[in-house]
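Here is the structure we will look at, set down as structure tokens.
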Amino acid sequence: MGLNKQLKTQNTMKNYAHNRKEHLAEYAKNNNLPIEGTYNGRPYEHILKLDMNKIDIVKEFNILKDVNKDMLTEKLHRFAHHLNSSQIVCYNFFRPMLTDKGKASKQLVNLLEKYGIKIEEGAECKFEYNDNLGDNTEFDFHIKSGNIEVFFEIKYTEYGVGRAKKDERHKTNFDTIYKKELGDKHNALQTNPDCEKFLNKYQLYRNAIRIKDKNKYLILLYPKDNEVADKQAKEFIKEKINNEFRNNVQIIYWEKIADEETELYRKYFK
């Protein structure tokens, strides 16, 4: 990417993130949320004040009022008290689609069926799911229904789908974990990447290696206006995923599945 094009992309993304944070600040004021929490010593109007236990603050003021809070554990992201936390967007959207016991409801079954993914009512659902591969990857949301597994990568205002530092830890993980998972030829990928290529598209490759057969699905869920994530995800699917696995790695836009009449839509996408 040329310098001018790169700067234009960065500015577009900064404007998008800035506009979303301004909207969230207005939402916070209209709902009397305790804002002006700090980041790097500076107060912001889209960040909740941490004047009591973090998980209590998040449950009280960042989880929507009608959303059951029982599956939100102490395993919070560092910035879960920021109103633009993708972890909390994910929880606010998916928790109402689960039963009281945290299983898949008919509503979630119907949603996924629209994208060619068939799960059963009562399927196991988890937030911050770790499949114990050994790389400490935690998926924002995960569904297991018999042999079917659905992995969700959730984005909101983040700058694209990230790369990894080319440090010793990541290089070691590639040599000791990812090479084994890639095998001689990974089913879903057109070609196996070397270490440098893997780290350059780290999140996308790290997620895609879980798609070993037609019963595994990766959903990349982000706002349509997050142009960087959209560009990166579309290019990755086109250039790296085998044609026969295109339905197993899908892009879904938040705006397409979030009901405009809900509080969730008013908070995050209006």
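The values are calculated or read from the model by the stated rules, or taken from the named source; none is laboratory data. Small disclaimer: the values here were computed from a predicted structure and weren't measured. Because the Cβ atoms are built from the backbone with ideal geometry, glycine has one as well, and the counts that use them run over all protein chains shown. The area values use the complete protein model at the heavy-atom level, side chains included, leaving out ligands, DNA and RNA. Shrake-Rupley method; radii C 1.70, N 1.55, O 1.52, S 1.80 Å.
Taking a probe of 1.4 angstrom, what is the accessible area of HIS82 in Å², to the nearest 10?
Rounded to the nearest 10, the figure is 20 Å².
Compactness ratio of the chain: Cα Rg over 2.2 N^0.38 Å, N = residue count? Write out the running numbers ahead of the final one.
On the way: Rg = 18.9 Å, N = 270, 2.2 N^0.38 = 18.5 Å.
Normalised by 2.2 N^0.38 Å, the Cα Rg of the chain equals 1.02.
For region 134-178, what class follows from the C-alpha gyration tensor (a ≥ b ≥ c being the square roots of its eigenvalues): rounded when a/c is under 1.5, otherwise prolate if a/b is larger than b/c, else oblate? Display every interim value, and only then the final one.
Values: a/c = 3.69, a/b = 1.34, b/c = 2.76.
Here region 134-178 falls in the oblate category.
If I stretch the segment between MET52 and ASP66 completely, what's the gain in nm (0.36 nm per residue apart, minus their alpha carbon distance), one decimal? If you can, show how the numbers build up before the last one.
Working: separation 14, 0.36 × 14 = 5.04 nm, distance 2.20 nm.
My answer for the length gained is 2.8 nm.
Based on the alpha-carbon gyration tensor of region 40-181 and its eigenvalue square roots a ≥ b ≥ c, which shape applies: rounded if a/c is under 1.5, prolate if not and a/b is larger than b/c, or oblate?
Numbers: a/c = 2.01, a/b = 1.03, b/c = 1.96.
Oblate is the answer for region 40-181, as a/c is 1.5 or above yet b/c matches or exceeds a/b.
Around ILE252, under 15 Å between beta carbons, what's the net of Lys plus Arg minus Asp minus Glu among the other residues? Present the calculation step by step, with values, prior to reporting the outcome.
Numbers: positive: LYS114, LYS155, LYS224, LYS234, ARG246, LYS256; negative: GLU113, ASP140, GLU153, ASP225, ASP230, GLU255, ASP259.
Local net charge: -1.
Roughly speaking, to the nearest percent, how much of the chain's 1.4 Å accessible area is carbon and sulfur? Please report the intermediate quantities before stating the final value.
Numbers: 6240 of 14180 Å².
Carbon and sulfur: 44 percent of the exposed surface of the chain.
Which values, in whole Å and largest first, are the semi-axes of the equivalent ellipsoid of region 15-88 obtained as the square root of 5 times each eigenvalue of the Cα gyration tensor? It would help to have the intermediate numbers written out before the result.
On the way: eigenvalues 73, 38, 29 Å².
The three semi-axes for region 15-88 are 19, 14, 12 Å.
If I take R0 = 30 Å and measure r between the Cβ atoms of TYR39 and LYS114 in this structure, what FRET efficiency does the formula 1/(1 + (r/R0)^6) give, to the nearest 0.05?
Numbers: r = 38 Å, r/R0 = 1.25.
The computed FRET efficiency comes out at 0.20.
Over the heavy atoms of GLU36, what accessible area does a 1.4 Å probe trace out, to the nearest 10 Å²?
The accessible area of GLU36 comes to roughly 90 Å².
Can you tell me the dipole magnitude for the chain around its Cα centre, using point charges on the Cβ only (Lys, Arg +1; Asp, Glu -1), in Debye to the nearest 20? All intermediate terms of the calculation are to be shown ahead of the outcome.
Details: 48 positive and 42 negative charges, 139 e Å.
Result for the chain is approximately 660 debye, rounded to the nearest 20.
Where Lys and Arg each count +1 and Asp and Glu each count -1, what net charge lies around MET71 among other residues with Cβ under 13 Å from its Cβ? All intermediate terms of the calculation are to be shown ahead of the outcome.
On the way: positive: LYS59, LYS69, LYS75, ARG95, LYS101, LYS103, LYS126; negative: ASP70, GLU74, ASP100, GLU124, GLU128, ASP140.
Around MET71, the surrounding residues sum to +1.
For the chain, report the accessible area per residue in Å² (1.4 Å probe, heavy atoms, rounded to an integer). Mind showing how you got there, number by number?
Values: 14180 Å² over 270 residues.
Using a 1.4 Å probe on heavy atoms only, each residue of the chain averages 53 Å².
In degrees between 0 and 90, to the nearest 10, how far off the longest principal axis of the chain does helix 3-30 point, with axes built from Cα atoms?
40
For the pair THR73 and LYS166, how long in nm is the line joining their label points, each one 7 Å along Cα→Cβ?
Those two pseudo-labels are separated by 3.6 nm.
Cα centroid distance between region 177-205 and region 93-162, in Å?
Using only Cα atoms to place each centre, the spacing works out to 23 Å.
If I ignore ligands, DNA and RNA and count only protein heavy atoms, how much of ASP100 is accessible to a 1.4 Å probe, in Å² to the nearest 10?
130
Give me the three principal axis extents of region 142-270 from the C-alpha atoms, as integers in angstrom, largest value leading.
Principal extents (Cα only, largest first): 49, 35, 23 Å.
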